[in-house]
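The values are calculated or read from the model by the stated rules, or taken from the named source; none is laboratory data. Since this is a predicted model, take the numbers as computed values, not measurements. Here the Cβ positions follow ideal geometry from the backbone for every residue, glycine too, while neighbour counts run over all protein chains shown.
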Amino acid sequence: MAFIIDGTTGIATVDGSVSAPSQRGQDSNSGISYAADTIKFSTNGVERMAITNSGVTGTGIGAGKILQVKQTTKTDTFSTTSGSYTDVTGLSVSITPSASDSKIFIILDIKVGAGHEDAAFAGRLLRDSTTIYVGNGVGNRTQGSFGTGRQSGNAGYDVIQDRQAVFLDSPSTTSATTYKVQVAGLNSRSTQVNRTSDDGDTSDTPRVASSITVMEVSA
């Protein structure tokens, strides 16, 4: 029997399927069907949404929502004299996407002090070992996510520069993924994070903090 009305248990029907739902209008492949502890909604024979014991799933459900947030804050300092990109210790964050089509929204806030006398620096974002969000490589120019060119004389001496990077990444994975930061001291000068180049022990010489935040955004 396709339809049952019972004074005790109520109204019941056959389960049907997403291609032939048991409850529908004149369109034979659009409507509501059932499975164990599941209610399915379909159009044109395709499941669009399902309600299960675990919640609601389906095409377009929750699109654009923030699913999780991870952050690392670095309060100590880092220094390098390398002209090649070097990992900033303690300024990385790991996240495991819940779906392979999720996006990861990255917000980097880093404070950099470059050695004076024509100092320059560059920094870049990486997903694991893959460089992301950098400018095009042209000639001998250093590719980076942020940085500064040479400053004449002592313009960069005892100065902390705020740098930010904001990027929406597509890692296409459900495996644990690490986002990190690298910096390079250009023009043979040192580069510091969270402190000035001089770092004198005086009240007018600040020590600051940097952070990297990642958010999983549903597709």
**Asked** Among (1) modelled with pLDDT under 90; (2) closer than 30 Å to M215 by Cβ, where does K180 come up short?
**Response** (1)
**Prompt:** Among the residues of the range 204-219, which ones are in a loop (DSSP other than H, G, I, E, B) and farther than 15 Å from I160 by Cα?
**Reply:** S218, A219
**Asked** Which members of the range 171-203 meet the condition of being outside any strand (DSSP E or B), among the polar types (S, T, N, Q) and within 30 Å of A99 (Cβ to Cβ)?
**Response** S172, T173, T174, S175
**Message:** Quick test for you: out of R150, R141, pick the one residue that is of a type in the set (K, R), over 16 Å from T80 (Cβ atoms), surrounded by fewer than 16 Cβ atoms within 10 Å (Cβ to Cβ) and modelled with pLDDT under 90.
**Reply:** R150
**Request:** Report whether or not I66 is more than 28 Å from T142 (Cβ to Cβ), loosely packed, with under 14 Cβ neighbours inside 10 Å and either assigned by TED's automatic domain parsing to the domain that holds S172 or of a type in the set (V, I, T) (or both).
**Result:** yes
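Residue by residue, here is whether (1) over 27 Å from E216 (Cβ atoms); (2) hydroxyl-bearing (S, T, Y); (3) more than 25 Å from the chain's Cα centre (by Cα) holds:
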position	(1), (2), (3)
G31	yes, no, yes
T43	yes, yes, yes
I51	no, no, yes
T57	no, yes, no
A63	no, no, no
**Complete:** Residue hits (the range 14-30; surrounded by 16 or more Cβ atoms within 10 Å (Cβ to Cβ) and either in a loop (DSSP other than H, G, I, E, B) or hydroxyl-bearing (S, T, Y) (or both)) are S17, V18, S22, S30
**Request:** Take the range 88-128 and flag every residue that is at pLDDT 95 or above and β-branched (V, I, T).
**Result:** V88, T89, V93, I95, T96, I104, I106, I107, I110
**Prompt:** Of everything in the range 201-215 that's surrounded by fewer than 21 Cβ atoms within 10 Å (Cβ to Cβ) and touching a residue at least 40 places away in the same chain (Cβ under 8 Å), which residue is farthest from L126 (Cα to Cα)?
**Reply:** T205
**Asked** Quick one: is L126 closer than 21 Å to R207 by Cβ and of a type in the set (A, V, I, L, M, F, W, C)?
**Response** no
**Fill in**
Checking S84, S33, S92, S42 in turn, the sole residue that is part of a strand (DSSP E or B), within 30 Å of G113 (Cα to Cα) and of a type in the set (G, A, S) turns out to be S92
